[in-house]
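**Q** Structure provided below as structure tokens; questions to follow.
No value in this document is a laboratory result; all are computed from the given coordinates. Not measured: the values here are computed from a predicted model. Reconstructed Cβ throughout: ideal geometry from the backbone, glycine too, with neighbour counts over all protein chains shown.
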Amino acid sequence: MRPTDTEHRAAIAAHGGRVERYRRGEITNDQFRPIRLSYGLYYQLDHTSHMQRIKLPAGVITSTQADCLADITDLWGRGVLHVTTRQDVQIHWVPIEKVVEMYERLHEVGITTRGACADSVRNVTGCIHGGTLPGELFDVTPYVMAVHEYFLFNPLNLTLPRKFKISFASCAYDCVQGPVNDIALYPRIEGGKPGFHVLAGGGLGAQPFLAKHLRDFLAAEDLLIMSEAIVRVQHRHGERKNRSRARMKYVVKRWGEERFRQEVEAEFARVEAECGDELRRELREIVADYADPKPARPSSAAPEGDAVFARWRRTNTFAQKQAGYYGVMVQLPLGDITSDQLRAIGKLARELGNGVVRASNDQNLMIPWVSGADLGACHQRLRELRLGQPDALHITDVVSCPGADYCSLAVSRSMGVAAEIRHHLVTNCAETTEPLGVFRIRISGCPNSCGQHHVGDIGLTGMTVKGPDGIERPHYSMLIGGALGEDGGALGHRLPGKFPEGDVPRIIAALAEFYREQRQTGEAFRTFVQRVGMPALAELSQRAASSH
């Protein structure tokens, strides 16, 4: 059943009681850990302060929600939010005595943090172009919301063997990175009816797996039945003794694809018999209730503008299927945005868009429904906010996990090296950036792959290496040629060696320039890597590393 306001308020109140017991010393740190994680609250690196993760299904943020997020960040997050690689936002330095008040304020604007961490169905991601994408079969966003609502208070949720990730793709870029999710859904039409191609069993971490084909066509009306069936299989058969083998990808590996499909289909039949009609009715209700707000301004053709505007328009805007409207990508360096900037973005969306902003897996924000005639004003306002940079999703738009600046698991300052890479490329490779088109560098500060380095065009993993003097220094391993897509997902190939942090920007610049010079017309980097071969690229990388 859909969660009610009463259920949410009761859950927050009950959680608040447990927080107070912890503060009184009645619950130990170990006992409190799963409690705080169930509402997305993490210890930070110093183990005395906290980071709060906030779920945003499909990355949707209304202007009202943007104002609320900005307000709580001013109050309890030192004025800075971080957009994650799963369409969440995070705020740091949150005092534990304020978390329940924060959850109550978020609930008032329709946001929950329940299941933002822990062994749960995490934030359900959805294509940021849903409802506006030229050629899309249908808008996947209402289905994201349906799955999100269904699992919030599902009795299996928060008691899974490990975290569980679900994505709904639409665009050819696969901005939700479907192949590395536990369930990946791609829209289909069959017999005039909407549905999904279903993949399952993907995941990254120290051992990455790409999702496997599960069903060619799942009728959209059966979405909750299939989701429940797959989650039940994982709940029952996932590893519970060894957390490093607890993701569903290991169930698929242990059984093989054919048995996994058989087990899921058998469970699907059981769910269908138990509650199929009820789940279809619930899905129809949620999908029918979802409506994209109307744009504030009438559609219009876009102006030419000067060279600065023209480049920004080429690289940061997307023509919608609704003629005369555009989606505007707001590039957030390293995924950070101040509360004042977010508040201003919410206002901009309200006045020039349709009052909605969408957070992307690439740590940016997208404002849909901007009239062509308003693009110049939109760009100017973004420039005034210092958010008007061009080349979104290009090689200078680096993705990074928070790294050792915040995370207790990280072994390197991934955000620091991301900033160095960006600076080096902007300074030395200005003529390379735009010609390469979309090109993703992804950085993780440890093998857990929160930066999704395995599927970047170039992916980096942080580590420390002890030198001859006995001192450990930050190094990175490097993967090249990773890719995403319904049929084209691929894990990157590892370059030999471990590269000192200071060498990494030069190596990336050398690879990018070589690609620009040697690529064939329209050739993707993954295809280029396959054609040129790893030995030649490894030799190039070693030369670049020793060139200083």
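**Q** Quick one: divide the alpha-carbon radius of gyration of region 399-545 by 2.2 N^0.38 Å and tell me what you get. Intermediate results must be reported in sequence, preceding the final value.
**A** Details: Rg = 14.8 Å, N = 147, 2.2 N^0.38 = 14.7 Å.
This ratio for region 399-545 stands at 1.01.
**Q** Also: Suppose only helical runs count, i.e. DSSP H with n ≥ 4. What mean residue ellipticity at 222 nm does that imply for the chain under -39500 (n - 2.57) per run, divided by all residues and rounded to the nearest 500 deg cm²/dmol?
**A** Numbers: 16 runs with 212 residues, N = 548.
Helix contribution divided over all residues of the chain: -12500 deg cm²/dmol.
**Q** Peptides 280-292, 217-229, 116-128: what's the order by average Cβ count within 10 Å, highest mean first? Don't skip to the end; give the middle numbers.
**A** Working: 280-292: 14.7, 217-229: 21.5, 116-128: 26.3.
In descending order of packing, they fall as 116-128, 217-229, 280-292.
**Q** Specify the inter-centroid distance of region 413-487 and region 496-548, based on alpha-carbon positions, in whole Å.
**A** Cα centres, region 413-487 to region 496-548: 12 Å.
**Q** How large is the direction-averaged shadow of the alpha-carbon convex hull of region 267-343, in nm²? Mind showing how you got there, number by number?
**A** Details: hull surface 40.2 nm².
Projected over every direction and averaged, the Cα hull of region 267-343 covers 10.1 nm².
**Q** Here's another thing I want to ask about it. For region 279-414, build the charge dipole from Cβ charges (+1 Lys, Arg; -1 Asp, Glu) around the Cα centre, then report which of L385, L342, L375 sits farthest towards its positive end.
**A** Among L385, L342, L375, the one farthest towards the positive end of the dipole of region 279-414 is L375.
**Q** Something else: Count the lysine pairs in the chain whose Cα atoms lie under 19 Å apart, taking only pairs 8 or more positions apart in sequence or on different chains.
**A** Taking the chain as the scope, the lysine pair count is 17.
**Q** Take the alpha carbon atoms of region 307-384, find their radius of gyration, then divide it by 2.2 N^0.38 Å using N residues; give the quotient. Don't skip to the answer; put the middle values down first.
**A** Numbers: Rg = 11.6 Å, N = 78, 2.2 N^0.38 = 11.5 Å.
Its radius of gyration relative to the 2.2 N^0.38 Å reference: 1.01.
**Q** Using per-residue counts of other Cβ atoms within 10 Å, averaged over each peptide, order 534-541, 449-456 from highest down.
**A** Numbers: 534-541: 16.1, 449-456: 26.0.
Packing order, densest peptide first, comes out as 449-456, 534-541.
**Q** Here's something else I'd like to know. Per residue, how much space in cubic angstrom lies within the convex hull of the C-alpha atoms of region 197-271? Mind showing how you got there, number by number?
**A** On the way: hull volume 6.3 nm³, N = 75.
Dividing the Cα hull volume of region 197-271 by its residue count gives 84 Å³.
**Q** If you take the alpha carbon radius of gyration of the chain and divide it by 2.2 N^0.38 Å, what ratio comes out, to two decimals?
**A** Details: Rg = 22.9 Å, N = 548, 2.2 N^0.38 = 24.2 Å.
Dividing the Cα Rg of the chain by 2.2 N^0.38 Å gives 0.95.
**Q** Follow-up. What does the charge add up to near I128, with Lys and Arg as +1, Asp and Glu as -1, over the other residues with Cβ less than 13 Å from its Cβ? Kindly include the intermediate steps, with their values, before the conclusion.
**A** On the way: positive: R86, R358; negative: E136, D139, D174, D292, D362.
The answer is -3.
**Q** Cβ under 11 Å from L352's Cβ, L352 left aside: what net charge do those residues give with Lys, Arg +1 and Asp, Glu -1? Don't skip to the end; give the middle numbers.
**A** Working: positive: R297, K347, R350, R381; negative: E351, D374.
Charge balance near L352 sits at +2.
**Q** R422: net charge of surrounding residues, Cβ under 12 Å, Lys/Arg +1, Asp/Glu -1, itself excluded? Could the numbers behind the result be given before it?
**A** Numbers: positive: none; negative: D391, D397, E420.
Charge balance near R422 sits at -3.
**Q** Counting only complete DSSP H runs, which helices of the chain cover 18 Å or more along their long axis at the Cα atoms and score a mean Kyte-Doolittle of 0.0 or above?
**A** Details: long enough: 5-23 (27 Å, -1.15); 63-76 (20 Å, 0.08); 223-237 (21 Å, 0.37); 257-289 (37 Å, -1.00); 339-352 (19 Å, -0.36); 414-428 (21 Å, 0.16); 504-518 (21 Å, 0.19).
Span-like helices, by this rule, are 63-76, 223-237, 414-428, 504-518.
**Q** Convert 25 °C to kelvin, take the viscosity as 0.890 mPa s, use the Kirkwood radius over C-alpha pairs of region 69-192 as Rh, and evaluate the Stokes-Einstein diffusion coefficient in µm²/s, rounded to a whole number.
**A** 152
**Q** If packing is taken as the average number of other Cβ atoms within 10 Å across a peptide's residues, how do 366-376, 244-254 rank, most packed first? All intermediate terms of the calculation are to be shown ahead of the outcome.
**A** Numbers: 366-376: 22.7, 244-254: 20.6.
The densest-packed peptide leads the list: 366-376, 244-254.
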